[in-house]
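Data block below; observations after.
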Amino acid sequence: MPGIVIVGAQWGDEGKGKITDLLAEQADLVIRFQGGNNAGHTIVREGVKWKFHLIPSGILYPGKLCAVGNGVVVDPKVLTEELEGLRAKGVDLSGLRISANAHLIMPYHLLLDTAGEARLGKLQIGTTRRGIGPCYADKAARLGIRVQDLLDPKILKKKIVAAMEPKRLTLRPFAKSPELDLQSMTEEYLTYGHRIERYIADTAKLVWDTLDRDDTVLFEGAQGTLLDIDHGTYPFVTSSNPVAASACTGSGAGPKDIDEIWGIAKAYATRVGAGPFPTELDDELGESIREGGGEYGTTTGRPRRVGWIDLVALRYAVRLNTLTHLVITKLDVLSGLGSLRVCTGYRGADEATFKHYPYHQSVLHQATGAYEDLPGWDDDITECRTEEDLPTAARDYLAFLSEFVGVPIALVGVGPGREQIIWTDAGRSSAASAASAAQRA
Ligand code: IMP
């Protein structure tokens, strides 16, 4: 103990990577538990930019145990490229572990993802086209190919044949695609197997052993609560469970192993891809927040949709994840915008109003935000390092959010740099902060 979970409390891209990086310094193990290379984050270390899609960024601490858990879907091409990139920059990879039970994204998953979106036409989800959905679909259909299969040529080939067979019709337009050739696909994947063999491990046991030693495990989520396949804005969601509960299934930990659950939210809201977004700002103000916050996808480069913070959705995320701590990132992006709106309810069709997140898709699609206006601030807050340094209006804004959702704010982000963070009292007294004491000294 302790086990600390980090999840996105909105639609992803909340800045989880930076917070994980911060808390990882003193953690003994960092493990990712779901999603794949649809995720991506950039962290800035001493002026150098690092981009990660699969490997926890904790790997930048020499020798740190960093695991890719069983709940993650792994594109071995992307993984080996990421590994080679890190190795070329002299990063010590000795702490890397990859679950033997993680499922593999295969070339046909990429084709099926793109074809599926094309077929949906106007109804498309706006996926990252990384093959995530088809890979999880095969996992559920018991047709998945796992990391451990890369080490056995016979089994690998057999499983590829079995997995492709039911897809024959859908894959017919790609029949001549070289990447679908059985022999070369098998050979390519065996090569990946050789490259990652030394990192393949029983990561569930690694989690248990670390917790049983009373060491700290950081469970790193990807995407965000509202993209959860069960609890998000279905069908405009990802194909895994980004909620905290899945830190257990995706890593092998049990529910009692979790001590703190940190939810990360931006001071405003963004979403990539299609789907309901009640507080969306489809205007110049939205455009200026997009520019100010650099709201373009790390993975796909797509401009993100932007809106006011949605406290109805955030309160829903608090309950779903049983958040113990909240982190508000990018507060600096709101500087100089004038009065700030916070969404505290929804207006539906026929003058209906909602205080709770509606479970019905049609209701949610028609919902627009009902707002309270709070005073903004003009001061540059990027140099603030304590709550007292912040202008009163910024402090009041944070207090409003925290009170509305009923969770203390532990950290506030005021810029992209690692040091541009404010620890609050709640943050300082957390188990995670014990792990990060060096950061605050
Ligand atoms: P998929 O995960 O590629 O299948 O995409 C499904 C939905 O999740 C799309 O709306 C994507 O834009 C969204 N999505 C997936 N990964 C991320 C992420 O890391 N950040 C934000 N949105 C994401």
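The values are calculated or read from the model by the stated rules, or taken from the named source; none is laboratory data. This structure is a prediction, so every number in the text was calculated from the model and none was measured. All Cβ positions, even for glycine, are placed from backbone atoms using ideal geometry, and neighbour counts span all protein chains on display. The protein model used for the area step is the full one, side chains on, heavy atoms only, and it has no ligands, DNA or RNA in it. Shrake-Rupley method; radii C 1.70, N 1.55, O 1.52, S 1.80 Å.
Here are the numbers for the structure shown:
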quantity: Order of exposure, largest accessible area first, which applies to His325, His356 with probe 1.4 Å; calculated: His356, His325
quantity: Inter-centroid distance (Cα atoms) of the range 195-245 relative to the range 271-307, Å; calculated: 26
quantity: Mean separation of Cα contacts under 8 Å (6+ apart) over length of the range 103-198, as relative contact order %; calculated: 29
quantity: HN-Hα J in Hz across the range 243-257 - Karplus 6.51, -1.76, 1.60, θ = phi - 60°, x for Gly and Pro; calculated: 6, 4, 4, 7, 4, 6, 5, x, 9, x, 6, x, x, 6, 7
quantity: Cross-link pairs beyond the 25 Å C-alpha cut-off, checked among Lys18/Lys139; Lys139/Lys167; Lys64/Lys159; Lys205/Lys330; calculated: Lys18/Lys139; Lys64/Lys159; Lys205/Lys330
quantity: Antiparallel %, DSSP beta bridges [both residues in the chain], to 5; calculated: 40
quantity: Glu387 accessible area, assembled protein chains, probe 1.4 Å, Å²; calculated: 60
quantity: The chain, accessible surface, carbon-and-sulfur percent (1.4 angstrom probe); calculated: 52
quantity: Over the chain, relative contact order from alpha-carbon pairs under 8 Å, at least 6 apart, %; calculated: 20
quantity: Principal-axis tilt of helix 203-212 within the chain, Cα atoms, nearest 10 degrees; calculated: 50
quantity: Shape of the range 154-307, Cα gyration tensor, a/c cut at 1.5; calculated: oblate
quantity: For the range 62-120 versus the range 362-429, the gap between their alpha-carbon centres in whole angstrom; calculated: 34
quantity: Within the range 198-215, backbone nitrogen closer than 12 Å to the virtual label 7 Å beyond the Cα of Leu151 toward Cβ; calculated: 198-203
quantity: Sequence of Leu143, Leu364 when ordered by accessible area, the most exposed leading, probe 1.4 angstrom; calculated: Leu143, Leu364
quantity: For the chain: rounded, prolate or oblate by the Cα gyration tensor [a/c cutoff 1.5]; calculated: oblate
quantity: Residues of the range 104-123 with amide N under 20 Å of a point placed 7 Å along Cα→Cβ from Thr80; calculated: 104-111
quantity: Chain lengthening between Phe354 and Thr191 when straightened (0.36 nm per residue, less Cα-Cα); calculated: 53.3 nm
quantity: Over the range 103-198: Kirkwood hydrodynamic radius from C-alpha pairwise inverse distances, Å; calculated: 13.9
quantity: Extension gain from Asp215 to Leu285, taking 0.36 nm per residue of separation minus the Cα-Cα distance; calculated: 20.6 nm
quantity: 0 to 90° range, to nearest 10: angle between helix 76-88 axis and the chain longest Cα axis; calculated: 70
quantity: Largest to smallest accessible area among Arg347, Arg319 [probe 1.4 Å]; calculated: Arg319, Arg347
quantity: With DNA, RNA and ligands ignored, accessible area of Arg341 (1.4 Å probe; Å², nearest 10); calculated: 90
quantity: Listed residues Gly417, Gly307, Gly250, most fluctuating in the chain (Gaussian network, C-alpha, under 10 Å); calculated: Gly417
quantity: Space enclosed by the convex hull of the alpha-carbon atoms of the range 248-405, per residue, Å³; calculated: 151
quantity: Accessible area of Ile421 in the full protein assembly, 1.4 Å probe (Å², nearest 10); calculated: 10
quantity: Of all DSSP beta bridges in the range 6-138, antiparallel share, percent nearest 5; calculated: 35
